[in-house]
Structure formats: C-alpha cells, structure tokens
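Remarks on the structure that follows.
The values are calculated or read from the model by the stated rules, or taken from the named source; none is laboratory data. Quantities reported herein were computed from a predicted structural model and do not represent experimental measurements. Don't worry about glycine lacking a Cβ; one is built from the backbone with ideal geometry, like all the others, and counts go over all protein chains shown. In case anyone asks, the SASA skips ligands and DNA or RNA and just uses the protein heavy atoms, side chains included. Shrake-Rupley method; radii C 1.70, N 1.55, O 1.52, S 1.80 Å.
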Amino acid sequence: MGTTIHMILAALLKVSAVAIIFNEIRGLILAAPVLYGLYISGGTAMAIWIAFCSLAGIALSVIVPMFAVKKLDRFVKSKVAKTQEPLAA
C-alpha cells in the first residue's frame, strides 16, 4: 500500500515538474510586455515601480510552486522511509 501511494505521488511530482517548466515559460512571456511598457514609458519612477511590482508577482507565481514541490517531495520521501523501517519490538 505504501509503495503504491509513493509511486502515485512520485508520478504527480514528475507531472508537476513539467508544469513548473511551463510556468517558467509563462513567466517569461508575461514579463516581456512589462519590460516593453517600461521601455516605452521612458523609465519614469511610476513605471519602474509598476514594473517591479508586476515582475515580483510573476516571480512569486513561478518560485512558490517550486518550493512547494520540493517540500512535498521531502514529505513523501520521509513518509516512505518511515513505512519501510523495520518495526522495533
């Protein structure tokens, strides 16, 4: 039972890794108009602030899922390690 759950979670983690790659690409696509708008505006203080906030939001939407996947992977591995340890009598 524990091995089956581990295999399912490992497959989900692999699928989520592919999703993170697509998320990175999405972040680059979303950043291009922000940088172009900053260039067109001439680099005013307000444009720089808006660009910074937009890029920070995009970065958070890309970085947070990566940390979540790593944390979930560590959790799954620790649970599998606990279930595979021999019971002490």
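Does region 11-25 contain any residue that is aliphatic (A, V, I, L, M) and touching a residue at least 60 places away in the same chain (Cβ under 8 Å)? The answer is yes; a qualifying residue exists. Residue check: Gly43 meets all listed conditions (1) open to solvent by 50 Å² or more (accessible area, probe 1.4 Å); (2) modelled with pLDDT under 85 but one, namely (1).
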